[in-house]
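Visitor: Dropping the structure in here first, questions after.
Every number here is computed from the coordinates shown, using simple stated rules; none is lab data. Computed from a prediction, not measured in an experiment: that's the story for all the values here. Using ideal geometry, Cβ is built from the backbone for each residue, glycine included, and neighbour counts are taken over all protein chains shown.
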Amino acid sequence: MSTPPAGRSIVVATRNPRKLAELQEILGGYDLHPLSEEVLLPPELGETFVENALGKARAAHVATGSAVLADDSGIEACALGGRPGVRSARFAGPQADDDENLALLLHELAGSDDRSVAYVCAIAHVSIEGEETVAEGRCEGRLAERPRGQGGFGYDPAFVPVEVADGRTMAELAPAEKHAVSHRGRAARAIGDALRSSGMSA
């Protein structure tokens, strides 16, 4: 299999084009490549976002020999004791899509006085030499009663960040606005800062 050149090129252990595009927008100084379809990633069985991100990053690094980024992210609802958490992508079942997962969360919080939620993201980087770096980001918010907006993905249409004063959901924000406050934006910027401070270009 062909691998991207060394330097500022990084393989991202995802096949979600929207996630890849978000990371590319945030980490504009790096040339990000999607993971080849033939590479198998481990199941997300960790109890934390960091465990899952590291598992995917290590597997992709072994398979490609390239510098790799991998993330694991999800939403935590206070009224549900932190669920769905690391199971956010399969909240409504192993084959559930974004709409089904969001519909179930809205159903479970229907009538709840506590609609506080948090987005959490862990990003792991494994360099060509195998050095590992991890960063986490968090965004507090509340869950709207119904989806609004066409942008983003996942739970974005119902996630209202506390830092957005006019009450727009993540899906209603412009990309730059979203990246400024989002969990993934914060984690990606922290990874970029860590790589630059350590002298690693990728």
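Visitor: Hey, what angle do you get for helix 17-26 against the long axis of the chain, alpha-carbon based, 0 to 90 degrees rounded to 10?
Guide: Computed tilt is about 80 degrees.
Visitor: Mind checking the full-extension length gain between GLU100 and GLU140? Use 0.36 nm per residue of separation minus the Cα-Cα distance, one decimal, nm.
Guide: The GLU100-GLU140 span can extend by a further 12.2 nm.
Visitor: Return the FRET efficiency for the residue pair HIS107, VAL62: r is the Cβ-Cβ distance, R0 is 41 Å, and the value is rounded to the nearest 0.05.
Guide: It comes out at approximately 0.55.
Visitor: OK, next. Taking the Cβ of each residue in LEU104, LEU40, LEU35 as the centre, tally the other Cβ atoms inside 10 Å and list the residues starting with the fewest.
Guide: LEU40, LEU104, LEU35
Visitor: Hey, another quick one. Tell me the mean residue ellipticity at 222 nm calculated for the chain from its helices only (DSSP H runs of n ≥ 4, each -39500 (n - 2.57), averaged over every residue, nearest 500). Each step should come with its number before you reach the end.
Guide: Values: 5 runs with 60 residues, N = 202.
Using -39500 (n - 2.57) per qualifying helix, the result is -9000 deg cm²/dmol.
Visitor: If you don't mind, another one. Taking amide hydrogens as modeled 1.01 Å from N in the peptide plane, which residues meet the under 5 Å criterion relative to GLY82, leaving out close sequence neighbours?
Guide: ALA77
Visitor: Quick one: which of 138-147, 117-126, 70-79 comes out on top by average Cβ neighbours within 10 Å, and what's the full order, highest first?
Guide: Output ranking for 138-147, 117-126, 70-79: 117-126, 70-79, 138-147.
Visitor: Which angle from 0 to 90°, rounded to the nearest 10, does the C-alpha axis of helix 98-108 make with the longest principal axis of the chain?
Guide: Its long axis makes an angle of about 40 degrees.
Visitor: To continue, here is another question. Roughly what angle does helix 183-198 make with the longest principal axis of the chain, taking Cα atoms, 0 to 90 degrees, to the nearest 10?
Guide: 30 degrees
Visitor: For the pair SER197 and ALA79, how long in nm is the line joining their label points, each one 7 Å along Cα→Cβ?
Guide: Reported label-point gap for SER197 and ALA79 is 3.9 nm.
Visitor: Ranking LEU41, LEU27 by Cβ neighbours within 10 Å, fewest first, what do you get?
Guide: So the residues, fewest neighbours to most, are LEU41, LEU27.
Visitor: Report the relative contact order of the chain, percent, no decimals, based on alpha-carbon pairs under 8 angstrom and at least 6 residues apart. Could you put the intermediate results ahead of the total?
Guide: Numbers: 418 pairs, mean separation 39.5, N = 202.
Reported relative contact order: 20 percent.
Visitor: Let a ≥ b ≥ c be the square roots of the eigenvalues of the Cα gyration tensor of segment 1-90; is it rounded (a/c under 1.5), or, if not, prolate (a/b larger than b/c) or oblate?
Guide: prolate
Visitor: Highest GNM mean-square fluctuation, the chain, Cα pairs closer than 10 Å: which of ARG15, ARG87, ARG168?
Guide: ARG15
Visitor: Next up: Give me the net charge for the shell around ARG8: Cβ to Cβ below 13 angstrom, other residues only, Lys and Arg +1, Asp and Glu -1.
Guide: 0
Visitor: Let me ask something additional. Would you kindly state how much longer the chain becomes between GLU37 and GLU25 on full extension, computed as 0.36 nm times their sequence separation minus their alpha carbon distance, in nm to one decimal?
Guide: Answer, rounded to one decimal: 2.1 nm.
Visitor: Same structure again: Rg over Rh of segment 9-198, using C-alpha atoms and the Kirkwood radius, what does it come to? List each step's numbers first, then the result.
Guide: Values: Rg = 16.2 Å, Rh = 16.8 Å.
Reported Rg/Rh (Cα atoms, Kirkwood Rh): 0.96.
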